[in-house]
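The values are calculated or read from the model by the stated rules, or taken from the named source; none is laboratory data. Treat the numbers as computed from the prediction; the structure is a model and nothing was measured. For neighbour counting, all protein chains shown are included, and Cβ atoms are generated from backbone atoms with ideal geometry for every residue, glycine included.
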Amino acid sequence: MHSHSHAHHHGHHHTHSSRLGRAFAIGIALNIGFVALEVVCGLLANSLALLADAAHNMSDVVGLVLAWGATALAQRPPSARFTYGFRGSTILAALANAMLLLVVTGGIAWEALLRLQHPDPINETLMFWIALLGVVINGGTAWLFMADRKSDLNVRGAYLHMAADAAISLGVALAAIGIWYTGFAWLDPAVTLLIVVAIFAGTWGLLRDSVKLALHAAPENVNPAEVRRYLAALGGVAEVHDLHIWGMSTTETALTVHLVMPGGHPGDAFFQDVVRHIEHNFHIGHTTIQIETGGTAHPCVLAPDHVV
């Protein structure tokens with residue numbers, strides 16, 4: 001017979017939730033107002049870069065709404081059906097955010113290519129001042145998310161959106177200065193294309209990481225091989241199998257594992273020490289351990305590495 005014991009530990013990461021809520025609300029309000037202003041002034045200035053930036057800003061508003069909604073859903077308690085709550089919604093929002101940004105960027109690139117063939121006269125003065133305002137608004141919004149961008153992939157998506165918009169606005173302002181001094185209207189779509197390349201490069205990492213988390217890959221900050229080595233070196237452990245590590249959300253990580261311990265149940269103190277070590281050293285806040293005595297009559301069917 002197998003002897004089973006489970007040790008559970010939940011790391012609650014509700015810190016900064018009120019601050020993030022304010023950041024999302026401020027960012028959404030500022031960007032909605034700026035999008036309206038940028039569309040009007042873009043049409044008046046006949047600037048593709050301004051109109052493209054407005055479209056990109058609008059995608060960011062949608063992205064911020066998605067990210068804010070996912071952050072709020074992640075705080076909801078588990079239910080009988082959703083036993084992990086809605087933590088996974090943060091991963092879906094990060095994935096949707098990255099895909100939306102890439103799609104909008106593609107549209108901007110296409111319009112820029114068309115404008116390069118037929119450049120039109122531009123009001124570079126209006127273009128410059130609106131772009132400069134965009135640098136301030138988008139840069140300020142990105143700053144609101146800067147503190148949490150490394151610990152939460154979802155917040156990182158929002159930060160990248162805002163930082164990318166600030167870069168676009170700066171590029172538009174520089175293009176306006178160039179047109180002002182040279183009269184070359186093609187600088188407007190040309191600078192837009194350069195910014196598109198920069199946005200694509202920055203967004204690719206977010207898309208890659210969010211796809212991995214959606215497929216239950218171990219987060220980048222966790223090394224599964226090191227976790228396995230630690231568990232295998234524990235006193236009394238003869239074998240480690242069925243080890244799974246995955247992201248429950250963009251900030252929380254879970255682990256399940258079977259430990260073969262022929263000496264029998266090691267006691268509650270063993271589980272408490274292991275769980276604390278895993279959380280402190282590997283940043284995994286939800287650990288489940290199953291103990292097996294390793295009887296040959298009933299080997300665990302999940303022992304082979306290729307079995308899930």
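For segment 125-139, what are the residues that are in contact with a helix residue (DSSP H, G or I) (Cβ under 6 Å, 6 or more places away or on another chain), more than 18 Å from Leu193 (Cα to Cα), in contact (Cβ under 8 Å) with a residue 40 or more places away in the chain and surrounded by fewer than 23 Cβ atoms within 10 Å (Cβ to Cβ)?
If the condition is that a residue be in contact with a helix residue (DSSP H, G or I) (Cβ under 6 Å, 6 or more places away or on another chain), more than 18 Å from Leu193 (Cα to Cα), in contact (Cβ under 8 Å) with a residue 40 or more places away in the chain and surrounded by fewer than 23 Cβ atoms within 10 Å (Cβ to Cβ), then Leu126, Leu132, Ile137 are the ones that fit.
Picking from Leu187, Leu193, Leu206, which residue would you name as being farther than 22 Å from Ile289 by Cα, surrounded by 13 or more Cβ atoms within 10 Å (Cβ to Cβ) and either over 31 Å from the mean Cα position of the chain (by Cα) or free of Cβ contacts under 8 Å to residues at least 40 places away in the same chain (or both)?
Leu187
Kindly indicate which of Leu234, Leu206, Leu259 is among the aliphatic types (A, V, I, L, M) and under 30 Å from Met99 (Cβ atoms).
Of the residues listed, the single one that is among the aliphatic types (A, V, I, L, M) and under 30 Å from Met99 (Cβ atoms) is Leu206.
Filter segment 34-70 down to residues that are of a type in the set (Gly, Ala, Ser) and within 25 Å of the chain's Cα centre (by Cα) and give me whichever is surrounded by the most Cβ atoms within 10 Å (Cβ to Cβ).
The qualifying residue surrounded by the most Cβ atoms within 10 Å (Cβ to Cβ) is Ala67.
Looking only at segment 272-301, which residues are surrounded by fewer than 16 Cβ atoms within 10 Å (Cβ to Cβ) and among the hydrophobic types (A, V, I, L, M, F, W, C)?
Within segment 272-301, Ala297, Val301 qualify.
Is it true that Ala167 is touching a His at 6+ places or on another chain (Cβ under 9 Å), in a helix (DSSP H, G or I) and assigned by TED's automatic domain parsing to the domain that holds Ala49?
no
Considering segment 244-271 alone, what residues qualify as being of a type outside the set (A, V, I, L, M), buried (at least 18 other Cβ atoms within 10 Å of the Cβ) and more than 24 Å from Thr83 (Cα to Cα)?
If the condition is that a residue be of a type outside the set (A, V, I, L, M), buried (at least 18 other Cβ atoms within 10 Å of the Cβ) and more than 24 Å from Thr83 (Cα to Cα), then Pro266, Phe270 are the ones that fit.
Please go through (1) under 13 Å from Leu207 (Cβ atoms); (2) in contact (Cβ under 8 Å) with a residue 40 or more places away in the chain for Ala96 and return the number of the only condition it doesn't satisfy.
The number of the failed condition is (2).
Being free of Cβ contacts under 8 Å to residues at least 40 places away in the same chain and assigned to a strand (DSSP E or B) is the filter; apply it to segment 213-243 and report the residue that is surrounded by the fewest Cβ atoms within 10 Å (Cβ to Cβ).
Only one residue fits best here, namely Leu243.
Can you find even one residue in segment 259-273 that is within 30 Å of Leu92 (Cα to Cα), touching a residue at least 24 places away in the same chain (Cβ under 8 Å) and out of contact with any Asp or Glu (no Cβ under 6 Å at 6 or more places or on another chain)?
No, segment 259-273 has no match at all.
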